[in-house]
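Readers should treat all values here as calculations from the given coordinates under stated rules, not as data from a laboratory. All figures in this text were calculated on a predicted structure; none of them were measured in a lab.
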Amino acid sequence: MSTLHAFPVVAPFGHLPTPEGVDTVGIDLPVGRLTAYRVVPDGPSKGVVLVVPGYTGSKEDWRTFMPLLREAGWTAVAISRRGQADSAAPTSPSDYSLEEEAADVIRVAALLDDGAPVHLIGHSLGGVIARAAVIASPQSFRSVVQFCSGPYGWPYRKVAELTILHDTGGNLRQLFDSTNPLWAGRPDEELPDDARMVRDRFDATSPLSVVAGGHILEDHTDSSAELRATGLSVLVAHGEWDGAWPIPWQRQMAEDTGARYEVVPTSYHGPHVENPGATIALFDDFLSAH
């Protein structure tokens, strides 16, 4: 029996309702408590999936997709990474290094299925972190999905965001306002639900997490060869119109890692939200094969 059910239930973050069949739980690690969404299917489970969110994201990005994993027969956990939303937020910049983030993923994986390896999905920056976790501890995982995530970044990629944070002393509300001018300065009741959740998340997220994540996304190190050397099955998938990484880079990463390569139609950088039906069909097919 999986130890998944031992996680304590915690209060949800923000005002959005938690879908039926989705629990909000706490996962206690050396860094502190990370919050997570958890789903367990009614019948036999096909396996355990761990989802790692992206740059300024959190588990809430997967709120509407988690029921689809459950309905497809998967036990799944989507975490909010350290510093994101209501997860533990350490106070030193060094606490948000790629190595520390990857270590959290490895530690969570060890708790999910009595220490047995689990499937891993990393979205965007979460894919970079997932790749580092797999390279550091390949025995912890059955397979890995690089989802809308590229092989490396480029200098000054996040210069606008990092400049705003530098000039405002780490004020994430200013970053939200600058990137969402239509909703800047408006009261909660005038915001659409998703925009309000994102603003609340910016308010709660550690600026150190955002700064460190920006620098990771600027790193030009390509670890495709190391990922291939793990011998794990890899899926590289992205939206048809994903603009976060050059699509040729993502296709090349699939070739360099020996991965399966798929494009999710009619979607951008969030196919799990923009085309969830095609995304769950792809994930289910890949995960079931491994």
Name the most mobile residue of H269, H119, H15, meaning the one with the largest mean-square fluctuation, in a Gaussian network model of the chain with Cα contacts below 10 Å.
H15
At 0.890 mPa s and 25 °C, Stokes diffusion of the chain via Kirkwood alpha-carbon radius, µm² per second:
129
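Please report, ordered by residue number, every helix of the chain (full DSSP H runs) that is 18 Å or longer along its axis going by C-alpha atoms and whose mean Kyte-Doolittle hydropathy reaches 0.5.
98-112
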Once normalised by the length of the chain, the mean sequence separation of its alpha carbon contacts under 8 Å that are 6 or more apart gives a contact order in percent of 18
Taking just the C-alpha trace of the stretch 104-241, give me its Rg and Dmax in Å.
17.7, 51
